[in-house]
1. How do W23, W115 rank by accessible surface area computed with a 1.4 Å probe, from largest to smallest?
2. Excluding ligands, DNA and RNA, what is the solvent-accessible area per residue of the chain at a probe of 1.4 Å, expressed in Å²?
3. Given points 7 Å out from each Cα along the Cα-Cβ axis, report the Q130 to F7 separation in nanometres with one decimal.
4. Please work out the FRET efficiency for the pair N194 and T43, using the Cβ-Cβ distance as r and a Förster radius of 22 Å; give the result to the nearest 0.05.
5. Quick one: if you stick a label point 7 Å off each Cα along the C-beta vector at T169 and S54, how many nm between them?
6. To the nearest 20 Debye, how big is the dipole of the range 127-225 about its Cα centre, given +1 on the beta carbon of each Lys and Arg and -1 on that of each Asp and Glu?
7. If you rank S29, S54 by how much accessible surface each has, with a 1.4 Å probe, what is the order from largest down?
8. Add +1 for every Lys or Arg and -1 for every Asp or Glu among the other residues with Cβ under 15 Å from the Cβ of D155, and state the total.
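The values are calculated or read from the model by the stated rules, or taken from the named source; none is laboratory data. The structure displayed is predicted, hence computed values, not measured ones. Ideal geometry is used to build each Cβ from the backbone, glycine not excepted, and the neighbour counts take in all protein chains shown. All accessible areas refer to the heavy atoms of the entire protein, side chains included, with ligands and DNA or RNA removed. Shrake-Rupley method; radii C 1.70, N 1.55, O 1.52, S 1.80 Å.
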Amino acid sequence: ATPDDTFFNLQWHYEQIGLPRAWDLTTGSDEVIVAVVDSGVLTNHPDLTAKLTSTGYDFVSDVNSAGDGDGIDGDPDDPGDQANQGGSSSFHGTHVAGTVAAATQNNSGVAGAGWQTLVMAIRALGLNGQGVDYDIAQGIRYAAGLPNDSGLIPDRPADIINLSLGGRTNSQLIAEAVQEARDQGVIIIAAAGNNSSSQPNYPAANAGVVSVSAVDFSADLAFYS
């Protein structure tokens, strides 16, 4: 299957994981929810507006780090990780959410891996893409339908939680949240790290987590991975 999205021809990594052949069998299901625990998303992005659940949440608790003027709230919109600092924001969570489930076959933007998949946007990283273990753990707990500081439980918890974040320290808070989410049957995906090192990166190295490394256009290990 070859979608008509404008920039699909630049998404060379999809062929590497066999997505066009997989799409011949299925383009996914809106019964599947992927929680993207990251910097939030641009909720008005034309490739994402119809793909977001109404249950996203912002768990960045420190007002100074949040960049949106308040602490935790029900708005996972990404104000930019360089907000009010004169820099260029990465909108990292938007990029990740687009890879997971951007609106596809709409002759615009990029294609998502799951054409029907829905994204639960969880904001746990604030300015400069930084976050604290506690906020990340709260985001994991919320996405998995576990008790959390919001006092809310999503009607439909996530089936998969994506964590394109991490560090060298094994946080007990995050490890416990990951284990409790796994006990709920949630699949946890995490980035292996961008440090070109064989040292473990967490939460990717936690038990039960699917750890994802990176390759380049030639399918060789990426220099940063």
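1. Heavy-atom accessible area, descending, gives W115, W23.
2. 48 Å²
3. 2.8 nm
4. 0.25
5. Modelled inter-label distance: 3.9 nm.
6. The calculation lands at about 80 debye.
7. Accessible-area ranking of S29, S54, largest first: S54, S29.
8. Working: positive: R156; negative: D30, E31, D159.
Taking every other residue near D155 into account, the sum is -2.
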